[in-house]
Structures are given as structure tokens and as C-alpha cells.
Amino acid sequence: DAMVIQNPRYQVTQFGKPVTLSCSQTLNHNVMYWYQQKSSQAPKLLFHYYDKDFNNEADTPDNFQSRRPNTSFCFLDIRSPGLGDAAMYLCATSLYSGEEQYFGPGTRLTVT
Amino acid sequence: GESVGLHLPTLSVQEGDNSIINCAYSNSASDYFIWYKQESGKGPQFIIDIRSNMDKRQGQRVTVLLNKTVKHLSLQIAATQPGDSAVYFCAGDGNDMRFGAGTRLTVKP
């Protein structure tokens, strides 16, 4: 089945230690998104790629970076995680912008 | 910019009753809306969508109503079941879909 896969499902990192979360898709969608979701809150869009074009949200901290080496994969890099970055990180895809998004199961990040 | 928000953060209903979850939006140019369901520990999942040229759309046990005059949409779930317990988000288009705050639906047996 076509799907959005996130690895790992759970990630523990130390304060200040760089961490990378990965997302892959078999849907061949043009757009890939990264969201941060904290407890009892809505997903907050960090950035997205339309093909190779990177679109950063204005309020996304510089600490968060992303890479999309090909259509299938997209990475979220947190350069120096702080305690406030502990959250669920959701990857999603859509065929075109402004359309239904297909979400992965998320990676829960813990910062110690 | 797009602002999509919900009226109530929590909703508790009896199993078998109908549920109504509301959502308001601010961008009158919004053309497309989606309701997502998010179960604990999972990513959001598409439930139903509606475009601005419609005021009602029905799915299996779910109906979305759109009132463009007051910029409001609602999700109705018929005969609510325990498996419907989740957080429900509305999302509207703009540059990209933006999520409202979410309503937690709890179904009491």
C-alpha cells in the first residue's frame, strides 16, 4: 500500500545534540510537509517542499532545517535541540499544494 | 492570512447519539476545507472534505456543513461510536492547509 513512513517512531536525544528525523513516501506526491505537534495542540507547520522548492514558515526557528534529496525522502534536522523542542513531529504529503494531506504516524521526540 | 479555529476544545457524547463539531474560519477566499481525525499516538487522518461551491457533503455516518455567510463549518457524526473518540481538526486552504485548534471528542458507553 502507498504510504508515508516515519523513522524512528520514538527518538530520544540530549539537550544540544543534533538529531535527524526521516520521512519517506511511496505516493509519488509533489509536496512534503513537516509539522510539530505538542500535547493537546494542533499540528504546527514548520516548512514544506514543493518538489525541490523549499518553503519555510516565517516563525520556524533557525534551529530547524530540512532536506529533500529526492521525491521520496525528506529529513528534519534539529541542530541544537532544546527542552521546548520535545514534541511529536509529523510528516505529510500531498499531490499538490492546498489539497488533502496524507500523514505519517509521527516521531515522538524526547529531549533529556 | 488563514485562521481556522474551533468553538469548543472538548465534547463528550453518549454512544449512539449524534455529535456536532464546529469550526470557524476567517479567510473569506478559502475554497476548500478538510476535516481530519487524529487518534492518540497517530497522525491525522482524512475524514471528509468540502469545496466552497457546496454547502453540504455527506459520507458514511459523517456530514460536513459549510456556511459561507458566517464562515463556519461543522462536522456531524451520526450514531457516534467509541471508535470515534479522537481529536478532530478542521483545516482550510490558503497557501497550504492550516489546522484549527482541535476538538477532543469522547464517547461514553
Quiz item: What spacing in nm lies between the two simple spin-label points modelled at A:Lys17 and B:Ser52, each 7 Å away from Cα in the Cβ direction?
Solution: 4.9 nm
Quiz item: Out of A:Tyr33, A:Cys23, A:Phe54, whose Cα points farthest toward the positive end of the dipole of the stretch A:1-62 (charges: +1 Lys, Arg; -1 Asp, Glu; placed on Cβ)?
Solution: A:Cys23
Self-check item: Percent RCO, i.e. relative contact order, over chain B, from Cα pairs under 8 Å lying at least 6 residues apart
Solution: 39 percent
Exercise. Could you tell me which of rounded, prolate or oblate describes the protein assembly as shown, using a ≥ b ≥ c as the square roots of the eigenvalues of the alpha-carbon gyration tensor, with rounded for a/c under 1.5 and, failing that, prolate when a/b is larger than b/c and oblate otherwise?
Key: prolate
Quiz item: Largest first, what is the accessible-area ranking of A:Ser40, B:Ser85 with a 1.4 Å probe?
Solution: A:Ser40, B:Ser85
Practice problem: Please report the relative contact order for the stretch A:4-106, taking Cα pairs under 8 Å with a sequence separation of at least 6, and give it as a percent rounded to a whole number. | Solution: 37 percent
Quiz prompt | Cβ charges +1 (Lys, Arg) and -1 (Asp, Glu), total dipole of the stretch A:4-106, debye | solution = 360 debye
Exercise. Determine, from the Cβ-Cβ distance of A:Arg67 and B:Ala29 and an R0 of 30 Å, the FRET efficiency 1/(1 + (r/R0)^6), rounded to the nearest 0.05.
Key: 0.35
Quiz item: For B:Asn27, which sequence-distant residues (separation of 5 or more, or a different chain) have an amide H within less than 5 Å of its own amide H, given hydrogens modelled in the peptide plane?
Solution: B:Ser3
Quiz item: What FRET efficiency do you get for A:Thr112 and B:Glu15 if R0 is 41 Å and r is their Cβ-Cβ distance, rounded to the nearest 0.05?
Solution: 0.50
Quiz prompt | Student exercise, the stretch B:4-108 dipole from Lys, Arg, Asp, Glu Cβ charges, in Debye to nearest 20 | solution = 80 debye
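The values are calculated or read from the model by the stated rules, or taken from the named source; none is laboratory data. Treat the numbers as computed from the prediction; the structure is a model and nothing was measured. Virtual Cβ from ideal backbone geometry, glycine too; neighbours counted across all protein chains shown. In case anyone asks, the SASA skips ligands and DNA or RNA and just uses the protein heavy atoms, side chains included. Shrake-Rupley method; radii C 1.70, N 1.55, O 1.52, S 1.80 Å.
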